[in-house]
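What follows is a single structure, written as structure tokens, with notes after it.
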Amino acid sequence: MARSLLFPEFKIERDKERCIACQVCVRQCANDVHEGSDTEDTVVSQEEKCVGCQRCVNLCPTNALTVQTRKDGFRPNGNWEDRHLRGIYKQAETGGILLTGMGCDRLYPVYWDHLLLNASQVTNPSIDPLREPIELTTYLGKKEEKLDIHWEGDSPVVRTRLAPQLGLEVPVIFSAMSYGSISYNAFRSLAEAAREAGTFCNSGEGGLHPDFYPFGENIIVQVASGRFGVHRDYLRVAAAVEIKIGQGAKPGIGGHLPGEKVSKEISRTRKIPLESDAISPAPHHDIYSIEDLERLVFAIKEAINYEKPVAVKIAAVHNVAAIASGVVRAGADIVTIDGIRGGTGAAPQVIRDNVGIPIELALAQVDERLRLEGIRHHSSLLIAGGIRSSADVIKAIALGADAVYVGTAALVGLGCHLCQKCYTGKCNWGIATQDPVLTKRLNPNIGRRRLVNLLRAWAFEIKEMLGGMGVNAIESLRGNREHLRAVGLSREECSVLGVKAAGEGW
Amino acid sequence: MRDPFRIPSGCAVSGILNLDGTHVSGEKIIRSIEVMHERSNGLGGGFAAYGIYPEYAELYAFHVLYDDPLTAKDVEAILKRSCTIEHSEEIPCKETENIQNWPVFKRYFLRYRGRSDCEDDEVVRMVMEVNSGIHGAYIVSSGKNMGVFKGVGYPEDIGKLFQLEEYQGYCWIAHGRFPTNSAGWWGGAHPFGLLSWSVVHNGEISSYGINRRYLQNFGYVCNLQTDTEVITYLVDLLVRKHNIRIPYLGAVFASPFWEQIEKMEEPKKEFFTSLRTIYGGALLNGPFSIIVGFPGGMFGMVDRIKLRPMLAAWKDSTFFLSSEECAIREIAPSLDRLVALRAGEVISERVGERNSHGQKLTVSGV
């Protein structure tokens, strides 16, 4: 085969003085970048295979390795960026769709970074979370418009039965990541952390391995277009069921787990033959309209005896507010909206980077639309796609979200370095792989602890910010855009976000 | 004219309720609020009085403030659509040393012509229509046998301007305002009134943004950009429309913490859980103490962690609420009982419940 026109993306520097040729890097790299010698005390590296995951750098006992983005020597061109050339070379060589993993990495505006929070001064005392309780407890699910109260003398008799709710101690849920796209140990870390932190994780559309049934009270199971692993017990064991219509990283298209990843355990979990491709169609073939969605929502509610909330997940697309309104009217107790920066295990790069809209704009519009229609209380709003810190969480809640999903942030907590090669199955961090040599690198006990720490740290930070605003219950911030101000945004963007410009008072 | 901004303010509040229904003039409440002169800054003061129009007790008494008297025709056209104006007059005002200029105040006594089961809703609709639609006119109060008198100035001067010593009421509520920027508009003063509710409020509601959006769901338009307006509408929604009784308002406005609710016994636990889950948008967060007047009664309440002061007192058949003890002692030097309201507590009294006499404390939120 002719030599590839692609340059290596990374430059590996090995400090010869420091390298002791211990070959840790050789053993750690699933991409076979480093090669040791049986006869000589040297290790050589093939840069073209490197994905920049930093595993070898992290584990090198003498800090002899540096892996840096290599500066391409292409002649500078304002129109033809390096990525365009690389894409064309790759496609000219392979004739295929360019694949990628994780969320959109293009430089679209990140609106979280243009929103600033408020704090109390003089007229309103701030609250110290170390001295006073500050509540983050959140309930997701349909809320009645009014409580039907009957008075017997002075005693109230409540005639309204609350719709089923998901109770969260911290308004952050681990996003849908299937066993298959991530490893058993990664899934176990998420499930155990969700239980310990008083929140939930989402099964994704990969079914639920029997080992995780005991975690059912903290798991939201997904019903997606492939219906993998969906059966009665799967629906009944979970705390809630989510119908996945779309995903922010790849709105409008389905998914594909290649047969080589369908191991014995995954075949058992997904209820598909060993080593067969698991293909999720682009649409649900029993949902071609909003009324079809309503039938599936209620079919699931029947199956779970109306005892648990049913969520519907859609990708943030141009007409998202109207679509969300339809979803609410179709009976969803929770509407999940996933923005363009939402992650994925595998997606065509052209879709990931060009389809959909940022979650901030979608959230602001959906919340406002549901309120204008007087149906905001019919469903809770869960949002996903690019939540990076506690600041993003609190801004999302002030914009109108009930809680947020985190996927990428959780994986980063487990060691992910965002190399975007999840689709190769060679994750050196043991997260997005099924290779037993790699998966055992992630210890679920350590993984659990790291995730619980992360949520705990974010909860502390959220409480500090809430207290600063003089608010001691998260519901008083939810949809309270008076506590947000925009910097560096156009008038149109402010108006879409429903937020005033920084400097404007009340 | 109308201030486009929401103005945070510190304040003095005071209220008197005669539990035996005896009518007294406004002189006492003016003395009481005047003691707390330092809690206001001359940019707003006002009073609500109950029982002052016995001859028109069956009719809605509308107090309307006209910045632009030419809008009176438009306002009256709206009122006449569903009501008959039985009587109208300018509210008499008398120049005082400190107030030489004031807008036109008129009062209308209205008989509603439509179906009786929707007359309150219709009145609310009219108030919303005038207050958000007609620039230059503003309905200050819209209840029966009650009225709100308010303006820019120290409360004692406002009281003298409206000659409140000439009125006889069984319940009086007063407010002295300390806004943190220039108010400049008479309609922005307190009390805030809707139907027969009148609310005076000391504090700042940090949850304002969501409370306002929550109320939109139910057709309430907040056009005044004041926290007090939001509180008034929430009281109206919860008590009149949602059948929540006053002693339980604390469970919504200043809800107990989830930890406290967990420890409650059934059926109280279920009630409080349901209230908090469903009415999260009505939770008032931030510092406040409020006095709310309603036909035949008055209640006081403070926020969930008690960031603003409020005291309740009883002397013979009179019930007092105030920001400071001195304001009560000024008009009743010796008291039978004096308590400071606890966080989230509602203390409510009604005419005719004299036997309570300070013993029957309605406690919620704890």
Seminar exercise, completed: The number of residues in the range B:147-193 that are in a loop (DSSP other than H, G, I, E, B), in contact with a Leu (Cβ under 7 Å, 6 or more places away or on another chain) and modelled with pLDDT under 90 is 2
Exercise. Do we find a residue being within 12 Å of chain A (Cβ to nearest Cβ) and part of a helix (DSSP H, G or I) anywhere in the range B:194-204?
Worked result: no
Seminar exercise, completed: Within the range A:462-475, of all residues that are under 15 Å from A:GLU169 (Cβ atoms) and within 7 Å of chain B (Cβ to nearest Cβ), the one surrounded by the fewest Cβ atoms within 10 Å (Cβ to Cβ) is A:ALA473
For this session: Those residues that are over 13 Å from A:ALA240 (Cα atoms) and buried (at least 22 other Cβ atoms within 10 Å of the Cβ), I need them from the range A:287-320; list them, please.
Result: A:LEU293, A:ILE314, A:ALA315, A:ALA316, A:VAL320
Seminar exercise, completed: Checked pairs for the range A:79-106, first under 16 Å from A:VAL51 (Cα atoms), second among the basic types (Lys, Arg) and part of a loop (DSSP other than H, G, I, E, B), C-beta under 7 Å and 6 or more apart or across chains, list as A:GLY101/A:LYS421
Seminar exercise, completed: Inside the range A:476-506, the number of residues satisfying the requirement of being in contact with a helix residue (DSSP H, G or I) (Cβ under 7 Å, 6 or more places away or on another chain), within 13 Å of chain B (Cβ to nearest Cβ) and touching a residue at least 60 places away in the same chain (Cβ under 8 Å) is 10
For this session: Considering (1) touching a Pro at 6+ places or on another chain (Cβ under 8 Å); (2) more than 14 Å from every other protein chain (Cβ to nearest Cβ), say which one A:ALA459 fails and leave the rest.
Result: (1)
Problem set entry | Out of A:LEU399, A:LEU382, A:LEU442, sole residue that is among the aliphatic types (A, V, I, L, M), in contact with a Gly (Cβ under 6 Å, 6 or more places away or on another chain), at pLDDT 95 or above and crowded, with 19+ Cβ neighbours inside 10 Å | A:LEU442
Exercise. Residues of the range A:71-104 being over 32 Å from the mean Cα position of the chain (by Cα), assigned to a loop (DSSP other than H, G, I, E, B) and surrounded by 13 or more Cβ atoms within 10 Å (Cβ to Cβ), which ones?
Worked result: A:PHE74
Exercise. Does B:LEU238 count as within 21 Å of A:VAL157 (Cα to Cα) and either crowded, with 21+ Cβ neighbours inside 10 Å or in contact with a Lys or Arg (Cβ under 9 Å, 6 or more places away or on another chain) (or both)?
Worked result: yes
Exercise. Among the residues of the range B:282-294 satisfying the criterion of being part of a loop (DSSP other than H, G, I, E, B) and at pLDDT 95 or above, which is surrounded by the most Cβ atoms within 10 Å (Cβ to Cβ)?
Worked result: B:LEU284
Problem set entry | Residue tally, condition aliphatic (A, V, I, L, M), closer than 23 Å to A:ARG159 by Cβ and either without any contact (Cβ under 8 Å) to a residue 40 or more places away in the chain or more than 7 Å from chain A (Cβ to nearest Cβ) (or both), over the range B:258-313 | 5
Seminar exercise, completed: Selection from the range A:329-381 of residues within 14 Å of another protein chain (Cβ to nearest Cβ) and in a strand (DSSP E or B) yields A:SER380, A:LEU381
Exercise. Yes or no: B:TYR248 buried (at least 17 other Cβ atoms within 10 Å of the Cβ), free of Cβ contacts under 8 Å to residues at least 60 places away in the same chain and either part of a helix (DSSP H, G or I) or facing another protein chain (nearest Cβ under 7 Å) (or both)?
Worked result: no
Exercise. Taking B:ILE210, is it buried (at least 24 other Cβ atoms within 10 Å of the Cβ), among the hydrophobic types (A, V, I, L, M, F, W, C) and either within 12 Å of another protein chain (Cβ to nearest Cβ) or closer than 18 Å to A:ASP367 by Cα (or both)?
Worked result: yes
For this session: Consider A:GLY447 carefully, then state whether it is away from every other protein chain (no Cβ under 14 Å) and either surrounded by fewer than 21 Cβ atoms within 10 Å (Cβ to Cβ) or in a helix (DSSP H, G or I) (or both).
Result: yes
Exercise. Tally time: how many residues in the range B:111-146 are at negative phi and outside any helix (DSSP H, G or I)?
Worked result: 16
Problem set entry | Filter pass, A:ASP128 being within 19 Å of B:LYS306 (Cα to Cα) and more than 9 Å from chain B (Cβ to nearest Cβ) | yes
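The values are calculated or read from the model by the stated rules, or taken from the named source; none is laboratory data. All of these numbers come straight from a predicted model, not from anything done at the bench. Here the Cβ is made from the backbone with ideal geometry for all residues, glycine too, and neighbour counts use every protein chain on show.
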